[in-house]
1. So for the range 2-124, considering every pair of alpha-carbon atoms, how many percent are separated by more than 26 Å?
2. Which of the helices in the chain meet the span-like rule: DSSP H, Cα axial reach of 27 Å or more, Kyte-Doolittle mean at least -0.5?
3. So if we plug the beta-carbon distance of residue 419 and residue 22 into 1/(1 + (r/R0)^6) with R0 = 45 Å, what FRET efficiency do we get, rounded to 0.05?
4. Which order do 434, 228, 363 take when ranked by solvent-accessible area (1.4 Å probe, heavy atoms of all protein chains), largest first?
5. Could you please state how large a percent of the accessible area of the range 337-501 is carbon and sulfur, counting protein chains only and using a 1.4 Å probe?
6. So what is the accessible area of the chain per residue, in Å², with the probe set to 1.4 Å?
7. Using a cut-off of 9 Å between beta-carbons, work out the net charge of the residues near residue 275 (Lys and Arg +1, Asp and Glu -1, residue 275 not included).
8. Dividing the convex hull volume of the alpha carbon atoms of the chain by its residue count, what do you get in Å³ per residue?
Amino acid sequence: MRLVLGDQLSPRIAALRYVDKAQDVILLAEVDAEATYIRHHKKKIAFVFAAMRAFAARLRADGFQVRYVKLDDPLNSGSLRGEISRALLDETFDEVIATEPGEHRLVADMEGWEAAFGMPVEIREDSRFLCTHAAFRSWAQGRTQLRMEFFYRKMREATGLLMDDREPVGGRWNFDAENRKPAKPDLFMPRPPRFDPDAETKVVLQLVSDRFSHHFGDLEPFWFGVTHEHAEVALQHFLREALPSFGDYQDAMLEGEPFLYHSVISMYLNVGLLDARDICQRAEQEYRHGRAPLNAVEGFVRQILGWREYVRGIYWLRGPDYLKSNALGATRDLPWFYWSAETNMSCMRAALQQTKTEAYAHHIQRLMVTGNFALLAGIDPHQVHEWYLAVYADAYEWVEAPNTIGMSQFADGGLLASKPYAASGAYINRMSDHCKGCAFDVKAKAGPTACPFNYLYWDFLARNRAKLSDNPRIAPMYRTLDRMSDERREEIAHDAATFLETP
Ligand code: FAD
Ligand code: DLZ
């Protein structure tokens, strides 16, 4: 029996290696346990189920034997373990073959499968990544700091991507300094392609509407692609229309423009509808053929070859306890407006509202708006982690948790980030047009009309002085804080406390 999980929808997935059409049965199962271990956004559940069904149909058309269990099958046991057990009662198998899952909780469950099923269970390493577990461990061994930049250089050398012989193309590894332009509202925005739901996807939408109405987010309009062909269209669209400007506007935010020049492919990539190496190679070809500049292509390849592989490495290296990290001792509950999007802060409202409607926010919104606010406000990092895991269509713990716990909340004490990604309203004002229409004044530093990011920023530094003031990258900010009068520091603490009581 070959088990394929909902985020492993690739014909080249390890569990399907050497699959025998005559003897083997491929099992895909929609199960309540996977749909509810966190209250996923409705669009994410619909996307995963519809993509699973489309993949099963493709496998059948290719002559494979597929056992597909729908969520509303009356005999559905509700769990992957239960569905394998049920298949073993119905048919004769002598081995279960699976690909390692992307979350510790499922790894722990799979460890009990051999005993439960009374037969060999082979769990194969997931070969969709460019860095193996062994290669990451070997890179990390003996290092006191695990900086992404050095990992990324190793990956460039190992894969030959954007390399001229042994040198990085263009003579530099990183063109990030050129990638910080604010966007102007009159720029042409190449929106991602939208796909009309086919008949089977419509059935899934009805199922999700019936069963998961209490989950977060808007189910419709549902425009995600659900097949490899759809994902390919989305990738081609990005490479031709958006990649050339990806670098310039990578950090920008604009009111009413949820996607800007981002690729919007993470949901496809993370379930196996696209392949990481192929994407990087094709992005490189856009540069080699003169269709996209190096700052854009290098910046894009760094996200996939660098950040994506690196956070995965950290997730598996640090183990399940990483999720409990709370280096700054943050304990405040996640404010309700993270779910309702009802807030007077324009930047937060824009990011939260589109999270609700699209199950998508781009990186700077996640890091410098919603993540930044949670960090400054001292929200319990585990609650922040659970929120990010629930609300995005691309969210799987192996990629979400290091980004949230490490990069965004600094809860791992600086393993991932050399300093907290904390910023006042000035940063958001520089990189976006949100502040213009905001109920708060980004230029004001104190009082009820001041941008909350302003006083929360200083309050965050003051609260965490013992843990952060030795960090050379933020020491200058502590010198500024120290030059403030006692009255000013009291005013900051008062404004922060007042706002956080009823944010
Ligand atoms: P683009 O901006 O076009 O980037 C291209 C690709 O690079 C992405 O599709 C993605 O595969 C990869 N990538 C970019 N940045 C990262 C990163 N930091 N880590 C890993 N891969 C990256 N990404 C997820 O795929 N799933 C998550 O659950 C997730 N949670 C996040 C939580 C927080 C708090 C933060 C700060 C970031 C998170 N990211 C996550 C990373 C990043 O925000 C998304 O990958 C990106 O916004 C997806 O949009 P896109 O496809 O348009 O990406
Ligand atoms: C995300 C998800 C959902 C919503 N449903 C299923 C499912 O019913 N069956 C399945 O095999 N996989 C599903 N998935 C993806 C899994 O949750 C994912 O494989 C694990 O979280 C490991 O990454």
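The values are calculated or read from the model by the stated rules, or taken from the named source; none is laboratory data. Keep in mind the model is a prediction, meaning the values are calculated, not measured. Cβ atoms come from the backbone with ideal geometry, glycine included; neighbour counts cover every protein chain shown. Only protein heavy atoms, including side chains, enter the accessible area calculation; ligands, DNA and RNA are left aside. Shrake-Rupley method; radii C 1.70, N 1.55, O 1.52, S 1.80 Å.
1. That fraction is 13 percent.
2. Details: long enough: 42-61 (29 Å, 0.51).
In the chain, the long hydrophobic H runs are 42-61.
3. Using R0 = 45 Å, I get an efficiency of 0.20.
4. Largest accessible area first, the list is 363, 228, 434.
5. The computed percentage sits at 51.
6. Per-residue accessible area for the chain comes out at 42 Å².
7. +2
8. So the per-residue hull volume is 155 Å³.
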